[in-house]
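Here, each number is a calculation from the coordinates, and none is a lab measurement. Keep in mind that what you see is a predicted model, and the values were worked out from it rather than measured. Positions of Cβ are backbone-derived with ideal geometry, glycine not excepted, and every protein chain shown enters the neighbour counts.
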Amino acid sequence: MRTDRWLVCAAVVLLCLATARDYLDYWVSETKLPVLLAETSVEVLDRNDRLLRLYTVEDGRWRLRTSMDGVDPGYLEMLIAYEDKRFYRHTGVDFLAMLRALGQAAWRGEVVSGGSTLTMQVARLLEDSGTGRMRGKLRQIRVALALEQRLSKQEILSQYLVRAPFGGNVEGVRAASLTWFGKEPRRLTPAQAALLVALPQAPEARRPDRDQTAVRVARDRVLERMVQSGTLSQDEMRAAVSEPVPSARRPFAALAPHLADRALAEDPARSTHRLTIERALQKSLEELAQSALFGLPDSLSVAIVVADHQTGEIHASVGSASYGQADARQGFVDMTRALRSPGSTLKPLVYALAFDRGLAHPQTLIRDRPVSFDGYAPQNFDGAFRGEVTVEDALRQSLNIPVVLLTDEIGPAHLMAALRKTGARTALPGGQPGLAVALGGVGMSLTDLVQLYAMFGQGGQAADLHWRKGQGSDLANHVISRSAAWHVGDILAGLAPPPGAPRGRLAYKTGTSYGHRDAWAVGFDGRHVAGVWIGRADGTPVPGVFGGDIAAPILFDAFGRLKSGPDTLPPPPPETLILSTGQLPQPLRRFAGRNAVFEAPPEAPKLIFPRQGSRLPVDSGALPVKLRDGTPPFTWLANGVPVVTNTHRREAVMDGVEKGYSTLTVIDAEGRADRVTVWID
C-alpha cells in the first residue's frame, strides 16, 4: 500500500510539473514581443564605405546599425565573460546567477551583483523598462524566454550591440566606440573593450566626459575579472590599466554635408547612402576651403568640385566653407549647384567648335578690334585692343572680341546645343541665346562647368559626372573632335600658373563674371578635372575679385592635395594639324568671317583730343591724348620723337612735351597716321 501511495504521489508531482511546463510554454509562446527592429541613424558612406556623415534618429539619439562581424571578437568575449558567462547555455534566464545574486544580497544587505542575463537586458532595453521592481523583472523574464524561443543567440546579442546605453544620447557599441574612441569597433584594445563592457551598467554615472575616476575604476574591475576568468593575462591587464580613459566626446563624421543632405532629401527612405566621394580628399578640401578665405571679406563663400573624368565619379564636393554656421557667408547654400554666370570659362568651347568647323586653327590670325553687332559692342576686360593676334594668343589672353566674332559665325544656338550635349544644365535669362553667351551670359553651376571641362579631358566625349555610387550612365555624346579637344588642352596648358605653382601641370581657364560677382578657375589633367568658385552666395558684386588672382591658386592647391604628381595630358591624335600660320591653307591663315567681303576696310586713326590748333595748359609736361579708329598697336610721337610705343589703348599720356608749338602724331599698325599742331602753355 505504501508503494502505491508513493507511486500516486510521484504521478501527481509529474503531472503538476508537466502541467506547469505546458503552462509555462503557453505563457511564453503567447508573449507579445515589442518591436525588434530598431530605428538606426542614416549613414552616408564614401566610395570605400567609410563614414562621411551620420544623422540622429527621430528622438535625437545616435544609434547605429551594428553587425557581429563589425565588432572586435575580444570585446564580445569580454562582454559574455563579465555579464553572462552561461549565455550560450541558458534559455534566457540564468537561475543559478539569480540565486547567487539573491544570496549575496541577503548576506550583505545590499545588491552586490545582478542576476540578469544578456537576454534579460535586451528584454529591458526593448521595452525601456526598469530593473528593480518585481513586476518589471517578471516581464523581463517572460520576454527573455520568448526571445530565446524566436531568435538565435547571435540575433539576441546583435540586439544588445545596437541598443545598449553608453551615456547621453549614445546607444549601441558602434556609436559608443565612435563617440569615445573616434574609431569603428572592429579593432579595440583590451582597455577600450573593458570600458565599453563597464559603461552600460551605469551609463550616466560613468560617462568619461563627466567622471573619469568612476569609469576608470569600473573599467579596471572588468579587466581584473578577465584575468580571473583567463580571458586576459597579467601582462595584458597591466598594459591595459595604464591606458588613459577618454576625457571628451568625439564629434561624429560630418563631411560633405551639402551632398549628404541632398542624398537624404532625394531618397529619405534609404538607410545607407553610398557616394563616390573619397573621404580623405573631401576632408582635405574642406580644410582648404576654410583656409582659402582667411583674410578675405567675411561675406565671401567658396565651392570646390573634383572628379575623375574617366569614370565620371565626383571625388570631392565642397558646397561652402561654413556649413551650419549662421554667418555672412551663408554657408548653408550649396554653391556647387547655384546658377551663376561662368564669365570667360566658356570660351574654350567656342574655340573648339571653331576648330571643328574649319573656321580657325590655333595659329589663325584674328583681329582684336572694335566691333558692333546690331548695337552690341563687346569690349575687352581692360578696354584695349590688340590688333591682329593668333587664335591661340586670343584664348590665352582671354580676349572678348575674337571669341564673339567666332560665336557670331558658329551661332549662339549651336553653342548652346554643344553645351547641352556635354550634359551641363543651363539657364538663359532672356530665353533665347545671344552673342553674350560666349562671355558668360548664361546661368551655370560649378558642377556643370566641371562637367564641361571633363569633356575636354575625355577627348571631346561627354563625361557623365555623378556622386551616387553605382548610378553613373554613359552619355555617349560626341561633342567635339579629338583634335579640337587636344588643341584646347594644349593652349590652356600653356597658361602661366599662379606664383609658386608648377608650370604645365594643368590645362586650366579662369573667369570673372560681369560686375565681379563670381571668380572661377576650372582645369583638368590626364585623369582628373576640378573647379573652384568664389563669390557671395547672394550674388552681390565683390569689387577687385578676379578668378586668376584668388580662384586659380585654390585650383592648383586642390590638385596638389589630390595626388603627388599629375597625370600627363595625352599626346595629339594622329589627325591633328600642327602647323605655323604660314604653313596653314590660305583660308585658315586669317579669320575673316562670312561677311568680310561686304565690310568696309577699317578707317585710319583719327586724333580726337587735342584738336588742331588747340592751346593747352599742361602741368609737368604730361599731355593726355585720345584717338578713334585705326588698328593697334599705336605709336605716339611729339615733334617726330616717339613718346609712347606699342600700345593697344586708344588713349595715352605723353610725357615731356615742351612748351610752345608741338606737332603730335599717331601711327597705327597699318602705317596710317594722323597729326595735329597745338600750343602748349
**OP:** Would you work out if the range 515-656 is rounded, prolate or oblate? Take a ≥ b ≥ c from the square roots of the eigenvalues of the alpha-carbon gyration tensor; rounded if a/c is under 1.5, else prolate when a/b is larger than b/c, oblate otherwise.
**Re:** oblate
Original post:
Rounded to the nearest 500 deg cm²/dmol, what is the calculated helix-only ellipticity per residue at 222 nm for the chain, with -39500 (n - 2.57) per DSSP H run of length n ≥ 4?
Top reply: -10500 deg cm²/dmol
**OP:** Amide H neighbours of Glu388 under 5 Å, at least 5 residues apart or on other chains, H built in the peptide plane: list them.
**Re:** Asp368
Subject >> Contour minus Cα-Cα distance for Ala592 and Arg503 (0.36 nm per residue) >> reply: 28.7 nm
Original post:
Taking the alpha-carbon centroid of each part, what is the distance from the range 375-428 to the range 286-315 in angstrom?
Top reply: 27
**OP:** State whether the range 261-301 is rounded, prolate or oblate according to the following rule on the C-alpha gyration tensor (a ≥ b ≥ c being the square roots of its eigenvalues): a/c under 1.5 gives rounded; otherwise a/b larger than b/c gives prolate, and the remaining case gives oblate.
**Re:** oblate
Subject >> Tyr661 paired with Ile608, simple spin-label distance in nm, labels 7 Å along Cα-to-beta-carbon >> reply: 2.8
Original post:
Between Gln212 and Thr189, what is the label-to-label distance in nm when each label sits 7 Å out along the Cα-to-Cβ direction?
Top reply: 1.4
Subject >> Euclidean distance between Cα centres, the range 40-65 to the range 601-649, Å >> reply: 70
**OP:** Measure nothing but the geometry: give the 0 to 90° angle between the long axis through the Cα atoms of 212-229 and the longest principal axis through the Cα atoms of the chain, rounded to 10°.
**Re:** 60
Subject >> Modelled FRET efficiency - R0 56 Å, Ser473 with Ala205, Cβ distances, 0.05 increments >> reply: 0.55
**OP:** List the relative contact order of the chain as a percent without decimals, with contacts defined as Cα pairs under 8 Å and 6+ residues apart.
**Re:** 10
**OP:** Search the structure for amide H atoms under 5 Å from the amide H of Gly443, placed 1.01 Å from N in the peptide plane, and list their residues when 5 or more places away or on another chain.
**Re:** Ala427, Leu428
Subject >> Over 27 Å (Cα to Cα) - which of Lys153/Lys469; Lys469/Lys563; Lys183/Lys283 fall in this group >> reply: Lys153/Lys469
**OP:** Evaluate E = 1/(1 + (r/R0)^6) for Lys563 and Ser247, where r is the Cβ-Cβ distance and R0 equals 30 Å; express this FRET efficiency to the nearest 0.05.
**Re:** 0.20
Subject >> Alpha-carbon Rg with Dmax, taken over the range 272-356, Å >> reply: 15.7, 49
Original post:
Asp674's amide H: which non-local residues (gap 5+, or another chain) put their own amide H closer than 5 Å, with H modeled 1.01 Å from N in plane and none for Pro or chain starts?
Top reply: Val666
Original post:
Running Debye on the range 256-599 with equal point scatterers at the Cα sites and no solvent, what base-10 log of I(q)/I(0) appears at q = 0.07, 0.14 Å⁻¹?
Top reply: -0.28, -1.11
Original post:
Given a Förster radius of 35 Å and the C-beta distance between Ser291 and Asn48 as r, what FRET efficiency does 1/(1 + (r/R0)^6) yield to the nearest 0.05?
Top reply: 0.85
Subject >> Computed lengthening from Glu58 to Ser580, 0.36 nm per intervening residue step minus Cα-Cα distance >> reply: 181.1 nm
Subject >> Estimated vicinal HN-Hα couplings, Hz - the range 436-446 in sequence order (Karplus 6.51, -1.76, 1.60; Gly, Pro = x) >> reply: 5, 4, 5, 9, x, x, 7, x, 9, 9, 4
Original post:
What is the fewest-to-most order of His309, His648 by other Cβ atoms lying within 10 Å of their Cβ?
Top reply: His648, His309
Subject >> Footprinting exposure proxy for Phe87, Phe591 (fewest neighbouring C-beta atoms within 10 Å first) >> reply: Phe87, Phe591
Subject >> Per-residue HN-Hα couplings for the range 635-643 [Karplus 6.51, -1.76, 1.60; θ = phi - 60°; Hz; x = Gly/Pro] >> reply: 10, 10, 10, 10, 6, x, 9, x, 10
Subject >> Likely footprinting exposure, His273, His315, fewest C-beta neighbours within 10 Å first >> reply: His273, His315
